[in-house]
Amino acid sequence: MIEGLPPGPIGNPGRAAIEAVLEPADAPYLFFVSKNDGTHFFSESLDEHNIAVGRYQKSGQDVSPESDCFSDCAGAEPITPQARK
């Protein structure tokens, strides 16, 4: 055993993760970011993802679709919400 490490494997994928890789969902999304409310925002491009990261992780503001900040938070251009759990 090595001090500071758990006794078992780190990052060992479960059955559901392996099945998801073998049979991926038919969706155009390549990136996701946590919205810090238990949901995620999915993006199709790196540019869209970077805007979402700025919006949901770096702004420190309310960025829900109902907020005034949603369309221009942190100077980001508006993007279509694609939130999924």
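Every number here is computed from the coordinates shown, using simple stated rules; none is lab data. All values reported here derive from a predicted model rather than from experimental measurement. Heads up, the Cβs are rebuilt from the backbone with ideal geometry, glycines too, and the neighbour counts pull from every protein chain shown.
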**Q.** Qualifying positions in region 1-51 - surrounded by 10 or more Cβ atoms within 10 Å (Cβ to Cβ), outside any helix (DSSP H, G or I) and β-branched (Val, Ile, Thr)
**A.** Val33, Thr39
Q | Inter-residue pairs, beta-carbon under 7 Å, first closer than 16 Å to Pro28 by Cβ and in region 41-57, second in a helix (DSSP H, G or I), 6+ apart | A | Phe41/Ala52; Phe41/Tyr56; Ser43/His49; Ser43/Ala52
